[in-house]
Amino acid sequence: MNVRKMVIVVGILATMMAVGVDRSYGTTPGECTGYTTTIDGCTWYIEKWADQPRPLFDEPILILSTGQKVEVNYVVTVIGSGSCPAVDVSDTYSGPLGPLTAGETPKQFGYIREIGPYDTCGDYTVENTASLSSAGTPAFDLCFSWTIPVHVPCEGGCTLTQGYWKNHSGNKRAYDDTWEQIGASGARSTFFLSGMTFYEVLREPPRGNPYFILARQYIAAKLNTLKGASTPSEVAAAIVDAEAFFGANVPGATLGKPARNALLIKASILDSYNNGYTGPGHCSEAE
């Protein structure tokens, strides 16, 4: 049988600003044989998905504020083919989803799960596992896990503007060692695909180019978060989106009006954060 991988894209049902996922097949070793099997002309396949609403770059993660909760729509997909005995389908959080025969597939089971609220800042993991099992001969167990890493930032810290980070990059007398978290070369590390260093990007006059307008605000926002400033979900989402853009584009990329406007909106979000109008507020330290 030619088993088709079915990608189910479903919506986040609340004001989620950034979602991350880490797919894994199976749970504890020995509990499952995998997510697909073919035995005596019978093929079964199981898959589970939650939403991934935007291109993600680097470490995907869901960022929630303390006390915030969101609803996520999960979908379990089961495909069977051939002369197959009935199987039982279940899920970690929804429980039994019911018996199923191959003739009833492809079949989708959907349900909503609430993530959060978390009263304490820190890192959490939300893992769901969908299982398919048969007590027939031969018996088998299949499963598919979907993991969402969750980060709840601790309130605190303060933000600094791009001017501060440019003037404290080590290229002048002042230096902020937060730059060392950017890369081994600090401000001289290469900025994504630009062929320029982070410091050179900060010095580059934007001249209306949305790439540099966003890049300068992104660099400051990234350094502020690395320095310990708490990050509102809207800002965290803008940082993730900026990284996705810079990871796929160069400064001279041709952009249509909608794309330009989207970048400028993200730059505005980060600018407000860096200047202390949103988030934990601006640092009193002189720039």
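Any read-out appearing in this document is the output of simple, stated calculations on the displayed coordinates, not a laboratory observation. None of the values given here were measured: they were computed from a predicted structure. Virtual Cβ from ideal backbone geometry, glycine too; neighbours counted across all protein chains shown.
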Checked against the positive end of the charge dipole of region 166-284 (+1 on Cβ of Lys and Arg, -1 on Cβ of Asp and Glu, about the Cα centre), the farthest of A242, A221, S268 is S268
Which entries of K222/K266; K69/K107; K69/K227 have Cα-Cα distances beyond 20 Å here? K69/K107; K69/K227
